[in-house]
Amino acid sequence: MRYLCLIYLSMLVLGSGAIAQSKFTDAMSDGSTVTYRIVHPLHTIVATSKEVAYRLEYDAATKAIKSIAAKVDVTSFDSGNSNRDSHAMEVIDAISYPDAAFQSTGITQRGDTLAVAGKLTFHGVIGDVLALVSAVWSPAKDTVHFSGGFTISLTDFKIDRPSLLMIPVNDTLWFTLNAGFNLK
């Protein structure tokens, strides 16, 4: 009897691993970006990096997203104006804090919509963020594409708001995220 219990317990443990199997994949470089937008009363600044690294953990059987991580070199953002980009790097002290990184701490998934809670490390500060993300699954191509975003307060991340004509930019910094993953 004891022997049968051990066999049954072993089957449960091994069987449960087969049911919920995590897989990890890195984002495809084509189309994976992170963009920031900041507003000044006189104009809006938008800069994009195509050098962001996204990592996804998911359950292949259920399409449940388990975790998402991202990391970007802050000097890779391009607004189309090198003087403005240089000044932005001074403002965020890119020499001391060259990377921004995100790690999810919890994901609520309802169909193709995700609320991704996590920790953002930016400008030497770790803060809580909530990203709202939509997922587009392509079973024929075995891919998923995520798009979404979140906002942060510059002052919460200890960044002095830059000014133009003595008028500071708004305190809110918007991030837009795009990432495609091959699930093969």
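Any read-out appearing in this document is the output of simple, stated calculations on the displayed coordinates, not a laboratory observation. What you see is a predicted model; the values in this text were computed from it and never measured. Cβ placement follows ideal geometry from the backbone for every residue including glycine, while neighbour counts extend to all protein chains displayed.
Annotations for the structure displayed:
- Exposure proxy ranking, count of Cβ atoms within 10 Å, fewest first, for M166, M28: M166, M28
- Per-residue extension of 0.36 nm, minus the Cα-Cα distance of K119 and W174, leaves a gain of 18.2 nm for this segment.
- Applying the Karplus relation 6.51 cos²θ - 1.76 cosθ + 1.60 with θ = phi - 60° to the range 135-141 yields 3J(HN,Hα) values of 10, 10, 8, 10, x, 5, 9 Hz, where x marks Gly and Pro.
- Among (1) 1, 5, 6, 7, 6, 7, 8, 9, 8, 7, 6, 4, 4, 4, 3, 3, 3, 2, 2, 1, 1, 1, 1, 0, 0, 0, 0; (2) 1, 7, 14, 19, 16, 12, 9, 7, 5, 3, 2, 2, 1, 1, 0, 0, 0; (3) 1, 6, 11, 13, 15, 14, 12, 10, 7, 5, 3, 2, 1, 0, 0, 0, 0, 0, the entry that matches P(r) over Cα pairs in 5 Å bins from 0, in percent as calculated here: (2)
- Only Lys, Arg, Asp and Glu carry charge here, each on its Cβ (+1 for the first two, -1 for the last two); on that basis the chain has a dipole of about 700 debye about its Cα centre.
- Per-pair calculated FRET efficiency, R0 = 35 Å: T151 and N83 via Cβ, rounded to 0.05: 0.85
- Normalising the average separation of contacting C-alpha pairs (under 8 angstrom, six or more residues apart) by the number of residues puts the relative contact order of the chain at 22 percent.
- Residues of the range 43-76 with amide N under 18 Å of the 7 Å Cα→Cβ point at T105: 66-71
- Here r is the Cβ-Cβ distance between D30 and M166 and R0 is 30 Å; the resulting FRET efficiency, rounded to 0.05, is 0.10.
- Hz values of 3J(HN,Hα) by residue in the range 80-94 - Karplus curve (6.51, -1.76, 1.60), Gly and Pro given as x: x, 9, 5, 5, 5, 5, 4, 5, 4, 5, 5, 4, 8, 6, 4
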